[in-house]
1. In the range 75-84, is there at least one residue being modelled with pLDDT of 85 or more, under 23 Å from residue 57 (Cα atoms) and either in contact with a helix residue (DSSP H, G or I) (Cβ under 6 Å, 6 or more places away or on another chain) or assigned to a strand (DSSP E or B) (or both)?
2. What about residue 105, is it at pLDDT below 80 and exposed (fewer than 15 other Cβ atoms within 10 Å of the Cβ)?
3. Under the condition of being within 19 Å of residue 147 (Cβ to Cβ) and in contact with a helix residue (DSSP H, G or I) (Cβ under 7 Å, 6 or more places away or on another chain), which residue from the range 26-41 is surrounded by the most Cβ atoms within 10 Å (Cβ to Cβ)?
4. Would you check if there is a residue in the range 12-25 being loosely packed, with under 12 Cβ neighbours inside 10 Å, at pLDDT 75 or above, on the phi < 0 side of the Ramachandran plot and not in a helix (DSSP H, G or I)?
5. Which of the residues spanning the range 113-125 are in a helix (DSSP H, G or I) and buried (at least 20 other Cβ atoms within 10 Å of the Cβ)?
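The values are calculated or read from the model by the stated rules, or taken from the named source; none is laboratory data. Note that the coordinates shown come from a computational prediction; the quantities given were computed from them, not determined experimentally. Positions of Cβ are generated from backbone atoms using ideal geometry, with glycine treated the same way; all protein chains shown enter the neighbour counts.
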């Protein structure tokens, strides 16, 4: 069973970290042992429900799971994202500023933590035209937990 847990971010009490617990069990047969984390600062319950849906999708289709995978439309956070000018989410592999936050042990083995980041139309265009490396470079030093953040492009 996959669980969804929510924590206050240690660096900012206004930010919540919503995490999967147990996703690695469903994906390890394909060579991955990931968990997923979403940083939010608004609409916790709605975000938890949407996050659970995305995690369920990843558990069912782990081979579709990949860095740079974009979730939009019904696969994304819909009204929450739109209210803050975001149109989709992209799966990224930190660290950006807090490396210790993004490490997980899976039964004594190192695992990966990936982050779903809500992105703007401009960021999505950059991702589609120049690739994830270009977007990743612009994310460095940005507070990705801030849903109200301005576009990096």
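1. Scanning the range 75-84, I find no residue that is modelled with pLDDT of 85 or more, under 23 Å from residue 57 (Cα atoms) and either in contact with a helix residue (DSSP H, G or I) (Cβ under 6 Å, 6 or more places away or on another chain) or assigned to a strand (DSSP E or B) (or both), so the answer is no.
2. So residue 105 fits the description; yes.
3. 38
4. yes
5. 123, 124
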